[in-house]
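Q: Encoded as structure tokens, here's the structure I'll be asking about.
The values are calculated or read from the model by the stated rules, or taken from the named source; none is laboratory data. All figures in this text were calculated on a predicted structure; none of them were measured in a lab. Note that each Cβ is placed from the backbone with ideal geometry, even for glycine, and that neighbours are counted across all protein chains shown. Please note that ligands, DNA and RNA were not included when accessible areas were found on the heavy atoms of the full protein model with its side chains. Shrake-Rupley method; radii C 1.70, N 1.55, O 1.52, S 1.80 Å.
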Protein chains: 2
Amino acid sequence: MTTKDSLSLIFAALADPTRRNILSRLSQNPATVGEVAELFEISAPAISQHLKVLERAGLIERTTKAQWRTLTIRTEPLNEASAWVEKHRREWNQRFDRLEEHLKTMTKKEEK
Amino acid sequence: MTTKDSLSLIFAALADPTRRNILSRLSQNPATVGEVAELFEISAPAISQHLKVLERAGLIERTTKAQWRTLTIRTEPLNEASAWVEKHRREWNQRFDRLEEHLKTMTKKEEK
């Protein structure tokens, strides 16, 4: 598990509705662990486990100021995930465009 | 596992380098299972397992024509994944914009 590549860690972290909800909350504003825990009807250890997965994927950052521990979302991993998805959507769509172009050429040839 | 929401299935399917490589291959062109298997130095049952995960997430489609079984990428789940990631990138960036706006207003007030 420790040798997983960053993109796998990011996608795995996003593959859970509670973790996505935590990120949704943090995309509005940074929050303390307590504020995040309040939103979910699950145990503190379960929240803690989810936060660990998000932190390991680089999707959140914990900062400590005096006794306050704040969670902040980090967008770099979202950029990385987005780049991968967009690349593959684009390539597949371009393939369709090429196919369409090819079909048009074929039709023109047949018409002649 | 069977009750997982579609977005969790999609992200979980993307959370593996071999599965992402299979999708990369298929984003270029549809291929047979054999053609996909050739690209990876892993066992046929392992490939089969990866294909099942991709299929369950709706990321690939199997079609059978005569004895040929073809795998095709499907972009709808990529659109869904992309929409989620983009929404959260955007919200966080807008938060930064609002913060910047707020700081500008504060600075102007101080200057007066």
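Q: Let me check I've understood the local charge: for residue B:97, count other residues with C-beta under 12 angstrom from its C-beta, Lys and Arg +1, Asp and Glu -1. What total comes out?
A: Around residue B:97, the charge tally is +1.
Q: Taking the label point 7 Å from Cα in the Cβ direction, how far apart in nm is residue A:69 from each other copy of itself, listed shortest first?
A: So the label point of residue A:69 gives 4.9 nm to the other copies.
Q: Heavy-atom accessible area of residue A:102 with all protein chains present, probe 1.4 Å, nearest 10 Å²?
A: Result for residue A:102: roughly 100 Å² accessible.
Q: Quick one: if you stick a label point 7 Å off each Cα along the C-beta vector at residue B:6 and residue A:79, how many nm between them?
A: So the two model labels end up 3.0 nm from each other.
Q: On to the next question. May I ask which residue of chain A has the beta-carbon nearest to the axis carrying chain A onto chain B, and at what distance in whole Å?
A: Residue nearest the A-to-B axis, with distance in whole Å: A:11, 2.
Q: Taking the Cα-to-Cβ direction at residue A:109 and at residue A:28 and moving 7 Å from each Cα, how far apart do the two end points lie in nm?
A: That separation, rounded to one decimal, is 5.9 nm.
Q: Can you list the equivalent-ellipsoid semi-axes of the protein assembly as shown, largest first and in whole Å, using the square root of 5 times each Cα gyration tensor eigenvalue? Kindly include the intermediate steps, with their values, before the conclusion.
A: Values: eigenvalues 333, 119, 34 Å².
For the protein assembly as shown, the semi-axes come out at 41, 24, 13 Å.
Q: Let me ask something else about it. Mind checking which of B:51, B:31, A:47 is farthest towards the positive end of the protein assembly as shown's charge dipole, using Cβ charges of +1 (Lys, Arg) and -1 (Asp, Glu) about the Cα centre?
A: Checked the options; the winner is B:31.
Q: Separate question: From largest accessible area down, sort B:5, B:97; use a 1.4 Å probe on the protein chains.
A: B:97, B:5
Q: Another one. For peptide A:11-21, compute the average count of partner chain beta-carbon atoms within 10 Å of each residue's beta-carbon.
A: 5
Q: Which value, in Å² rounded to 10, gives the accessible area of residue B:96 with a 1.4 Å probe and all protein chains present?
A: Residue B:96 has an accessible surface of roughly 110 Å² with all protein chains in place.
Q: Measuring from centroid to centroid over Cα atoms, what is the spacing of region B:72-100 and region B:11-33 in Å?
A: Spelled out, the Cα-based centre of one part sits 21 Å from the other.
Q: Hey, for residue B:5 with labels 7 Å out along Cα-Cβ, what do the inter-copy distances come to in nm, ordered shortest first?
A: Computed spacing set for this position: 2.8 nm.
Q: Checking the a/c ratio against 1.5 first, then a/b against b/c, what shape does the Cα gyration tensor give for region A:1-69?
A: prolate
Q: What is the set of long-range amide H partners of residue B:32 at a cut-off below 5 Å, with H atoms built 1.01 Å from backbone N?
A: B:71
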